[in-house]
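Below is one structure, written out as structure tokens; the observations come after it.
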Amino acid sequence: MSKNNFLQREFYDRPALTVARELLGKYLVRLEDGQRLAGIILETEAYCGEEDLGCHCRAGRTARTQVMYGPPGHAYVYFTYGIHWMLNFVVESEGNPAAILIRSIEPLQGMEVISARRGSQPMQKWTDGPAKICQALNIDNRFNGVDLCAEDGVLIVEDAEPVPESYVKTGPRVGLNSVPEPWKSVPWRFQISRIKH
DNA sequence: AGCACGATTAACT
DNA sequence: GTTAATCGTGCTC
């Protein structure tokens, strides 16, 4: 897990569903004041372009969505419900807006810091939701547009062994209550199930 | 300038 | 299962 095997721009410059699937099992790493906070990515969701009525890009290019129209391998961080931040990765080629929401990680490093921020909850619930990840890793609007592929980046994803297909579960994306079909139900959510087959 | 609502969470009953 | 918390964003007037 050294800094020379973190995912490069080519990884993100691919179809959103491919990237969402392959991000499973990789290490999300947040460098905060020289301290490493890291966890295994367990769950992702793909949001794919202006045609996807579940994606913020359905509104076209706006102040909020412009980072998704930029080059891949950057963070898209937005605010919702008046309280919560959400971490996404911009994917696909420039001008082709799409993003991957990071929904759940299993914390590995920086447990003291994460505990200080999430310790009021049982450990299992420290980073098992998109807003919880941002709370645990201290991610907010300052990270919108941050380059995930910079040499001295503060937010990177490190490579890891591919997760076998039999460990991966797919399903509809969460929370799209007023989104019309088929977008509401397309199986663009990916997660590592802990059950072997 | 005003308004309705959301890619959620935690604390309720 | 239900609901309050809380404000940026995009849309309408």
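The values are calculated or read from the model by the stated rules, or taken from the named source; none is laboratory data. Note that the structure is predicted; figures quoted are calculated from it, not measured. FYI the Cβ positions are ideal-geometry reconstructions off the backbone, even for glycines, and counts take in every protein chain you see.
How about region A:56-76: which of its residues are within 7 Å of DNA strand C (Cβ to nearest atom), surrounded by 16 or more Cβ atoms within 10 Å (Cβ to Cβ) and over 22 Å from A:Arg189 (Cβ atoms)?
Within region A:56-76, none qualify.
Would you please name the residue that is surrounded by the most Cβ atoms within 10 Å (Cβ to Cβ), looking only at residues in region A:159-197 that are under 22 Å from A:Tyr76 (Cα atoms) and in contact with a helix residue (DSSP H, G or I) (Cβ under 6 Å, 6 or more places away or on another chain)?
Once the filter is applied, the top-ranked residue is A:Phe190.
Name every residue in region A:27-85 that is within 18 Å of A:Leu176 (Cβ to Cβ) and in contact with a Cys (Cβ under 8 Å, 6 or more places away or on another chain), in order of residue number.
A:Tyr47, A:Cys48, A:Gly49, A:Glu50, A:Cys55, A:Thr65, A:Met68, A:His84
Taking only region A:90-134 into account, find how many residues are within 15 Å of DNA strand C (Cβ to nearest atom) and touching a residue at least 24 places away in the same chain (Cβ under 8 Å).
7
Quick check on this structure: which one of A:Val19, A:Val113, A:Val77 is part of a helix (DSSP H, G or I), within 17 Å of A:Pro130 (Cβ to Cβ) and either among the β-branched types (Val, Ile, Thr) or under 12 Å from the mean Cα position of the chain (by Cα) (or both)? Outline the logic, then answer.
On the way: A:Val113 fails: within 17 Å of A:Pro130 (Cβ to Cβ); A:Val77 fails: part of a helix (DSSP H, G or I).
On inspection, the qualifying residue turns out to be A:Val19.
Check off (1) within 19 Å of A:Pro162 (Cβ to Cβ); (2) free of Cβ contacts under 8 Å to residues at least 60 places away in the same chain; (3) not aliphatic (A, V, I, L, M) for A:Arg14 and give me the number that stays unchecked.
Of (1) within 19 Å of A:Pro162 (Cβ to Cβ); (2) free of Cβ contacts under 8 Å to residues at least 60 places away in the same chain; (3) not aliphatic (A, V, I, L, M), only one is false for A:Arg14: (2).
Could you list, in sequence order, all residues of region A:68-82 that are more than 11 Å from DNA strand B (Cβ to nearest atom) and either closer than 15 Å to A:Arg9 by Cβ or in contact with a helix residue (DSSP H, G or I) (Cβ under 7 Å, 6 or more places away or on another chain) (or both)? Spell out how you get there, then give the answer.
Filtering region A:68-82 down to residues more than 11 Å from DNA strand B (Cβ to nearest atom) leaves A:69-75.
Answer for region A:68-82, where residues must be more than 11 Å from DNA strand B (Cβ to nearest atom) and either closer than 15 Å to A:Arg9 by Cβ or in contact with a helix residue (DSSP H, G or I) (Cβ under 7 Å, 6 or more places away or on another chain) (or both): A:Gly70, A:Pro71, A:Pro72, A:Gly73, A:His74, A:Ala75.
Going residue by residue through region A:33-48, is there one that turns out to be part of a helix (DSSP H, G or I) and in contact (Cβ under 8 Å) with a residue 24 or more places away in the chain? Explain how you work it out, then say what you get.
We begin by selecting, within region A:33-48, every residue part of a helix (DSSP H, G or I); these are none.
The answer is no, given that none of the residues of region A:33-48 is part of a helix (DSSP H, G or I) and in contact (Cβ under 8 Å) with a residue 24 or more places away in the chain.
May I ask you to verify whether A:Glu151 is more than 16 Å from DNA strand C (Cβ to nearest atom), modelled with pLDDT under 95 and farther than 22 Å from A:Tyr47 by Cβ? Let's see the steps before the verdict.
Numbers: more than 16 Å from DNA strand C (Cβ to nearest atom): yes; modelled with pLDDT under 95: yes; farther than 22 Å from A:Tyr47 by Cβ: yes.
Considered against the rule, which asks whether it is more than 16 Å from DNA strand C (Cβ to nearest atom), modelled with pLDDT under 95 and farther than 22 Å from A:Tyr47 by Cβ, A:Glu151 comes out as yes.
Just to check your reading of the model, which residue among A:Leu37, A:Leu53, A:Leu42 is within 11 Å of DNA strand B (Cβ to nearest atom) and surrounded by 15 or more Cβ atoms within 10 Å (Cβ to Cβ)? Walk me through how you get there before you give the answer.
Values: A:Leu37 fails: within 11 Å of DNA strand B (Cβ to nearest atom); A:Leu42 fails: within 11 Å of DNA strand B (Cβ to nearest atom).
Testing whether each residue is within 11 Å of DNA strand B (Cβ to nearest atom) and surrounded by 15 or more Cβ atoms within 10 Å (Cβ to Cβ) leaves just A:Leu53.
Filter region A:82-105 for residues that are surrounded by fewer than 18 Cβ atoms within 10 Å (Cβ to Cβ) and under 15 Å from the mean Cα position of the chain (by Cα) and give the result.
A:His84
Given the conditions (1) of a type outside the set (Lys, Arg); (2) out of contact with any Ser or Thr (no Cβ under 9 Å at 6 or more places or on another chain); (3) within 9 Å of DNA strand B (Cβ to nearest atom), and given that A:Ser115 satisfies all but one, which numbered condition is not satisfied?
In the conditions (1) of a type outside the set (Lys, Arg); (2) out of contact with any Ser or Thr (no Cβ under 9 Å at 6 or more places or on another chain); (3) within 9 Å of DNA strand B (Cβ to nearest atom), A:Ser115 misses (3) alone.
Working carefully through the options A:Phe79, A:Phe143, find the one that is surrounded by 19 or more Cβ atoms within 10 Å (Cβ to Cβ), farther than 21 Å from A:Leu24 by Cα, within 15 Å of DNA strand C (Cβ to nearest atom) and modelled with pLDDT of 95 or more.
Working: A:Phe79 fails: surrounded by 19 or more Cβ atoms within 10 Å (Cβ to Cβ).
Sole residue among the options that is surrounded by 19 or more Cβ atoms within 10 Å (Cβ to Cβ), farther than 21 Å from A:Leu24 by Cα, within 15 Å of DNA strand C (Cβ to nearest atom) and modelled with pLDDT of 95 or more: A:Phe143.
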